[in-house]
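The structure under discussion appears below in the form of structure tokens.
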Amino acid sequence: SIIKEKIDVLKKIYNSKDIKIVEKIPKSIPLITNKELVEILIKNILDNAFKYNTQWWKINIIFDTNTLTIKDSWVGISKKNISKIFDSFYRVDEKSKWYWVWLNIVKKITHILDYKLEVESEKGNWTEFKIVFK
């Protein structure tokens, strides 16, 4: 329910972008955790996907067993820069208008909750975040 709620809110915020959402989310998955932190975690990753989705306007959201995968059609990140996106106010280069602010919070929350966070990206094509819940 948290995921669907955040998707609905972000669709309204970014309604000028015609983003196609492909979601495979079960109706209910019980998760014993800190609800406030999980809401911030999911909101920040989804907000990133909505905000920076500029190519094909598509976001895939899949929750399977204990893994949430969010894959967007953003321009992607080079392998050498993936670990840096969790640094506060990181920019790939001085000309870039994108700052990586909220991902620092995402990393801290996953650490606090003892979740696993994985990021994969193909420069020029897509970026994928996976959160593995315990």
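Structure above, values below:
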read-out: Table column - 3J(HN,Hα) (Hz), the stretch 5-12, Karplus curve with 6.51, -1.76, 1.60, x for Gly and Pro; value: 4, 5, 4, 4, 5, 5, 4, 5
read-out: Beta bridges per DSSP with both ends in the chain, % antiparallel, nearest 5; value: 80 percent
read-out: For the chain, accessible area per residue (1.4 Å probe, heavy atoms of protein chains only), Å²; value: 60 Å²
read-out: Portion, in percent, of the accessible area of the stretch 28-83 that falls on carbon or sulfur, probe 1.4 Å; value: 55 percent
read-out: Fluctuation leader among Ile59, Ile45, Ile32 - the chain, Gaussian network, Cα springs under 10 angstrom; value: Ile32
read-out: Relative contact order (percent, whole number), the stretch 1-74, Cα cutoff 8 Å, 6+ residue spacing; value: 36 percent
read-out: Calculated P(r) tail over 18 Å for the chain, as whole % of Cα pairs; value: 52 percent
read-out: Among Lys12, Lys84, Lys43, residue whose mean-square fluctuation peaks in a GNM of the chain (springs only between Cα atoms under 10 Å); value: Lys12
read-out: Backbone HN-Hα couplings from phi across the stretch 109-119 [Karplus 6.51/-1.76/1.60, Hz, Gly and Pro as x]; value: 5, 4, 5, 4, 8, 6, 9, 9, 10, 10, 10
read-out: Distance between modelled label sites at Asn34 and Asn66, nm, 7 Å Cα→Cβ extension; value: 1.9 nm
read-out: Positive minus negative residues near Trp74 (Lys, Arg vs Asp, Glu; Cβ under 11 Å); value: +1
read-out: GNM result for the chain, Cα springs below 10 Å: residue of Lys71, Lys108, Lys27 fluctuating most strongly; value: Lys27
read-out: Amide H contacts under 5 Å for Asn66, placed H, 5+ residues apart; value: none
read-out: Percentage relative contact order, the chain, counting C-alpha pairs under 8 Å, at least six apart; value: 24 percent
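The values are calculated or read from the model by the stated rules, or taken from the named source; none is laboratory data. Here the structure is a predicted model, which means the values were calculated and not measured. Neighbour counts run over all protein chains shown; Cβ positions are idealised from the backbone, glycine included. Side chains included, ligands, DNA and RNA excluded: accessible areas come from the protein's heavy atoms. Shrake-Rupley method; radii C 1.70, N 1.55, O 1.52, S 1.80 Å.
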